[in-house]
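Working notes, beginning with the structure itself.
The values are calculated or read from the model by the stated rules, or taken from the named source; none is laboratory data. Please read these numbers as outputs of a predicted model, since none were measured by experiment. Cβ atoms come from the backbone with ideal geometry, glycine included; neighbour counts cover every protein chain shown. Keep in mind that these areas ignore ligands, DNA and RNA; they rest on the heavy atoms of the full protein, side chains included. Shrake-Rupley method; radii C 1.70, N 1.55, O 1.52, S 1.80 Å.
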Amino acid sequence: MTALANITIAFALVFSGQNPPALKAPKSVTVGDLLVTATRVWLPPNKWVDYTSDRFHLVVVEATVKNTSERISHTKFAPTLKVKPEEVYYGNPALGHHIGVLAPNLYQLLPGEESTGGYVFEVRNGTTAVALILDSFGKKLSIDLTGVVQSESPKPARPDAN
């Protein structure tokens, strides 16, 4: 649905006495040939790495990347994490290897091919992840993490779990 259609529906609902539906924040962005979707945010325990710190904690943003073009993708990007209070952290693939989290494979994805993985960030305690920023040759695109599933477990919660 286009932005104009959303505005038109909201306008009509206001004048009919109904509340307009809340607009959802985007959870996907297109970076070159790739559709990148944030699927989950989780907090691994610091004991999973070789050192401990009482000032920092790890944040993993899991993502699915899909080649939406009709050719092999050569798109690349660098992930960063925006947190509140206002700060930006760079991904740390070395920490990902320590906890068994690998970034999605971006290398020559075939048309329609998908890859899943996670980006690992070491952030200051007292901060909250708010957006995954993808920088592709100076063009920065943001995925709002508000409402993305969050957990403290390395495994996604089962929908049927009580």
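General observations
- Checking each residue in region 127-145 for being open to solvent by 70 Å² or more (accessible area, probe 1.4 Å) and either at pLDDT 90 or above or farther than 25 Å from LEU34 by Cα (or both) picks out THR128, LYS139, LYS140.
- Some residue of region 112-120 being over 13 Å from THR64 (Cα atoms) and either buried (at least 18 other Cβ atoms within 10 Å of the Cβ) or basic (Lys, Arg) (or both): yes
- Considering residues of region 74-111 that are among the polar types (S, T, N, Q) and either out of contact with any Ser or Thr (no Cβ under 9 Å at 6 or more places or on another chain) or without any contact (Cβ under 8 Å) to a residue 12 or more places away in the chain (or both) only, the residue surrounded by the fewest Cβ atoms within 10 Å (Cβ to Cβ): ASN92
- Remark: VAL148 falls outside the filter, which requires a residue to be open to solvent by less than 30 Å² (accessible area, probe 1.4 Å), in a loop (DSSP other than H, G, I, E, B) and over 16 Å from VAL29 (Cβ atoms).
- In the condition set (1) in a loop (DSSP other than H, G, I, E, B); (2) of a type outside the set (S, T, N, Q); (3) over 15 Å from the mean Cα position of the chain (by Cα), HIS97 is compliant with all but (1).
- Residue list for region 38-68, restricted to those being at pLDDT below 95, open to solvent by 10 Å² or more (accessible area, probe 1.4 Å) and part of a loop (DSSP other than H, G, I, E, B): LEU43, PRO45, VAL49, ASP50, TYR51, THR52, SER53, ASP54, ARG55
- The single condition among (1) assigned to a strand (DSSP E or B); (2) out of contact with any Lys or Arg (no Cβ under 7 Å at 6 or more places or on another chain); (3) of a type in the set (A, V, I, L, M, F, W, C) that VAL88 does not meet is (2).
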